[in-house]
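These notes concern the structure reproduced below.
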Amino acid sequence: MPKLTLAIDDKQSLNILKELKGFPVVVKIGPIVFLEEGFPLLKALKQDGFEVFLDLKFHDIPNTVLKTVEVCAKHDIDYLTVHLLGGENMLSPLKDIKGKTNIIGVTILTSHDESYMEFLHSSYSLEDMVLHLASVAHKCNLSGVVCSSFEAFNIKNKFPNLKTVIPGIRLNKDEKDDQKRVATIEEVLQVADLIVMGRAIFKSENPKQTTLDILSKIGGTYGNC
Ligand code: C5P
């Protein structure tokens with residue numbers, strides 16, 4: 001059963017968490033909120049019983065990324081992200097970091113489509129590039145990858161040990177916002193370890209109810225809290 005991961009990309013979205021204590025959601029904090037609230041927010045979320053996902057997508061020279069991830073690993077963070085395009089020299093040393101943080105590699109953002117391969121002057125298709133990057137994640141012993149629904153089945157087949165984190169999930173596929181490779185919950189239920197959802201929940205009329213409906217769809221019955 002995948003875990004619902006709430007993408008908190010503004011401070012207002014934090015309000016919903018007061019009403020979701022005790023529910024099995026992962027809270028994903030992006031740079032917009034982390035830069036203002038920092039590690040004390042992550043600590044408070046852990047105290048409230050949530051799993052915490054720090055989504056800052058690190059991509060820099062190997063020494064800088066290693067030291068940055070070491071700092072994060074000292075905090076009680078369940079998941080964090082690095083860009084797989086940082087390459088093996090950046091990724092490989094991360095396996096020696098002690099701690100229980102799952103290091104997740106971002107393949108190609110779900111806001112990109114095939115035209116991004118032209119931009120990169122790559123002869124690979126987008127799907128092949130994502131699979132190649134997943135193989136790098138596997139080789140460097142990362143815990144998982146961020147990918148779209150379109151690549152997730154192939155990744156699970158080839159690298160069953162990698163967790164699949166899938167953003168770009170919509171209740172209605174017409175509402176893409178800035179995402180390009182979108183899918184519905186039903187389309188990823190069998191293949192996602194973490195289903196990442198932000199705007200589809202927070203722009204809905206009743207975000208708490210939408211979250212509860214999604215939790216029921218994912219599996220299990222959740223009463224009102
Ligand atoms: O609002 P929406 O559901 O599109 O939000 C998706 C979330 O997932 C955002 O927080 C975004 O930063 C993150 N994300 C993504 N694509 C990736 C990795 C993370 O959309 N490849």
Result of the Cβ filter at 6 Å on the stretch 18-41, keeping first residues that are within 15 Å of Leu6 (Cα to Cα) and partners that are surrounded by 17 or more Cβ atoms within 10 Å (Cβ to Cβ) and aromatic (Phe, Trp, Tyr), at least 6 apart or interchain, is Val26/Phe53; Val27/Phe50; Lys28/Phe53
Next on the checklist: Considering only the stretch 62-72, I want to know if a residue exists there that is more than 21 Å from Lys18 (Cα to Cα), under 18 Å from the mean Cα position of the chain (by Cα) and either polar (S, T, N, Q) or open to solvent by 50 Å² or more (accessible area, probe 1.4 Å) (or both).
Outcome noted: no
Going through the stretch 1-24 in order, the residues found to be surrounded by fewer than 20 Cβ atoms within 10 Å (Cβ to Cβ), of a type in the set (A, V, I, L, M) and within 16 Å of the ligand (Cβ to nearest atom) are Leu14, Ile16, Leu17
Per the filter on the stretch 166-212, residues touching a helix residue (DSSP H, G or I) at 6+ places or on another chain (Cβ under 7 Å), assigned to a loop (DSSP other than H, G, I, E, B) and within 19 Å of Thr107 (Cβ to Cβ) are Arg181, Val191, Ala192
Selection from the stretch 97-146 of residues within 26 Å of Asp177 (Cβ to Cβ) and assigned to a loop (DSSP other than H, G, I, E, B) yields Thr107, Ile108, Leu109, Thr110, Ser111, His112, Asp113, Glu114, Leu120, Ser122, Ser125
Expected single match for open to solvent by less than 10 Å² (accessible area, probe 1.4 Å) and of a type in the set (Gly, Ala, Ser) among Gly30, Gly87 is Gly30
Of the conditions (1) open to solvent by 20 Å² or more (accessible area, probe 1.4 Å); (2) assigned to a helix (DSSP H, G or I); (3) away from the ligand (no atom under 16 Å from the Cβ), the single one that Leu94 does not satisfy is (1)
Within the stretch 110-136, the count of residues that are in contact (Cβ under 8 Å) with a residue 12 or more places away in the chain and open to solvent by 20 Å² or more (accessible area, probe 1.4 Å) comes to 8
Condition set part of a helix (DSSP H, G or I) and aromatic (Phe, Trp, Tyr), scope the stretch 33-54, selection least open to solvent (accessible area, probe 1.4 Å): answer is Phe34
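The values are calculated or read from the model by the stated rules, or taken from the named source; none is laboratory data. Everything quoted here is computed from the prediction, not taken from an experiment. Because the Cβ atoms are built from the backbone with ideal geometry, glycine has one as well, and the counts that use them run over all protein chains shown. Heavy atoms of the whole protein, side chains included, go into the accessibility calculation; ligands, DNA and RNA do not. Shrake-Rupley method; radii C 1.70, N 1.55, O 1.52, S 1.80 Å.
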